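*Asks:* Below is a structure I'd like to ask you about.
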Amino acid sequence: MNTGGICCATRTGTRESAGEAAPRRLASACGPPVEEPINSTRGDVIGIDWRIPLDRAWERLGHGVAVQGNLDPAALLAPRPELERRVERILDQAGGRPGHIFNLGHGILPETPVEAARAVVERVHARQLQAEKA
């Protein structure tokens, strides 16, 4: 389903788990433009493709919806300073809002160096620690 530039392709219904409805997660597989409201799918967590700016997608979804994403998987092949700049840009766009799940904007490339993936995790964790201390 294409809803204004975000394709929702996974789990569209709730499922029962331990007597409670589990959150619905919808993944994106399409890029911009985001032209219409994209939460008509009513997911609890929406996966945002790396080609859609996180802050713009969140504006369209509403800040009550959790989002997952959205680092370009190719960024993990970039030199470390560039990779860190891109991670910081996404974290800045998230603005410390609750409900952001930092993730790749769509899959990981087979040639991705493990060190690059670790660097991303370390940077995200470091930023979280900074926020908790503030």
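*Asks:* For segment 44-66, what are the residues that are of a type outside the set (G, A, S) and in a loop (DSSP other than H, G, I, E, B)? Full working, then the answer.
*Replies:* Of all residues in segment 44-66, those of a type outside the set (G, A, S) come to 44-46, 48-56, 58-61, 63, 65.
Listed by number, the residues that qualify are D44, I48, D49, W50, R51, I52, P53, H63, V65.
*Asks:* So which residues in segment 81-126 are surrounded by 11 or more Cβ atoms within 10 Å (Cβ to Cβ), part of a helix (DSSP H, G or I) and of a type in the set (K, R), if there are any at all?
*Replies:* If the condition is that a residue be surrounded by 11 or more Cβ atoms within 10 Å (Cβ to Cβ), part of a helix (DSSP H, G or I) and of a type in the set (K, R), then R85, R86, R89, R123 are the ones that fit.
*Asks:* For segment 56-80, how many residues are open to solvent by less than 60 Å² (accessible area, probe 1.4 Å) and modelled with pLDDT under 85?
*Replies:* Residues meeting the conditions: 6.
The values are calculated or read from the model by the stated rules, or taken from the named source; none is laboratory data. Predicted, not measured: the structure shown is a model, and the values here were computed from it. Methodologically, a virtual Cβ is constructed for each residue, glycine included, from the backbone with ideal geometry; neighbour enumeration extends over all protein chains shown. The area values use the complete protein model at the heavy-atom level, side chains included, leaving out ligands, DNA and RNA. Shrake-Rupley method; radii C 1.70, N 1.55, O 1.52, S 1.80 Å.
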